[in-house]
1. Using only the heavy atoms of the protein chains and a 1.4 Å probe, how would Arg154, Arg130, Arg91, Arg46 rank by accessible area, largest first?
2. Sort His76, His183 by accessible area with a 1.4 Å probe, largest first.
3. Pulled fully out, how much extra length does the chain show between Asp53 and Asp224, if you take 0.36 nm times their separation in residues and subtract their Cα-Cα distance?
4. How would Tyr175, Tyr85 rank on accessible area, largest to smallest, probe 1.4 Å?
5. So if each residue of separation counts as 0.36 nm, and I subtract the Cα-Cα distance between Glu200 and Ala113, what length gain in nm does that give?
6. Roughly to the nearest percent, how much of the accessible area of segment 126-236 is carbon and sulfur, given a 1.4 Å probe?
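The values are calculated or read from the model by the stated rules, or taken from the named source; none is laboratory data. Quick caveat, the model's predicted, so the values are computed rather than measured. The accessibility values were calculated without ligands, DNA or RNA, using every heavy atom of the protein model including side chains. Shrake-Rupley method; radii C 1.70, N 1.55, O 1.52, S 1.80 Å.
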Amino acid sequence: MNSSKSAFIATIVVAVLAIAAAVFALRNITPSEQEPSFTYEPEEYRPSDTLKDEMLNAAERIIANNIILIRLYITHGVPVVREPYANTTDRPLGNPPEDGYFYSASSEFKTFAELEALVRETFVAEEAERIINNKLDNGEPYYSDFGRIFGEKRANSDGVTLGLSEKFALAMHPYPRQDADYHISWVDAGFSLVAISAEESELRITLTINGEPAVIERRMTNLDGSGWRIDRLIHE
């Protein structure tokens, strides 16, 4: 959409997004002091003030979820419970689990259902399925060559059912480890919205990619009034 047709512009600053101590996570999103500005052309959609607030809140939630999911699926994974006979040479996490998944040791996500719910409340159904199953349209892995990253296990004594694939767990060991080559920085990031209808908005996210400012565009949709979702991971 042409920038001259910006019907709904609201910029925020994503503050205190730290990668310090190798932890890449959203700490808070703080609205900027500048009031949201709106420009209209005669044929453009005009959202109500209530809808504007709803869209802004949805965008903040979606961006926060997206950052968490980048950490889980791309840069860090989750800490895992070591299996027996761990050593410092060929088995740093112990014997390979029979089902191919180590138990999660995360205090944030203990069940696959919790992680799956985060994905499904952030993305439209098709994109959620691709993220959960780590697939592109052509069947190739979406983020990496690790196959399906997270899976369901039989509950252990702590009631944990979330499992992390052996290959991904080993690649991210020791946890947390910083991906020094990760090409996207969320420091000083922000977003703007262009309302298209009561159920649809264009989301423009300003980031730093490979050291250069960049804008990633996504479509935010409220399907059947069930809540706002975006069409694609905010990644590249």
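1. Numbers: Arg154 200, Arg130 20, Arg91 100, Arg46 125 Å².
Heavy-atom accessible area, descending, gives Arg154, Arg46, Arg91, Arg130.
2. His183, His76
3. Values: separation 171, 0.36 × 171 = 61.56 nm, distance 1.87 nm.
Between Asp53 and Asp224, full extension yields an extra 59.7 nm.
4. Order by accessible area, largest first: Tyr85, Tyr175.
5. That works out to 28.6 nm of additional length.
6. Working: 2460 of 5480 Å².
Whole-percent figure for carbon plus sulfur exposure: 45.
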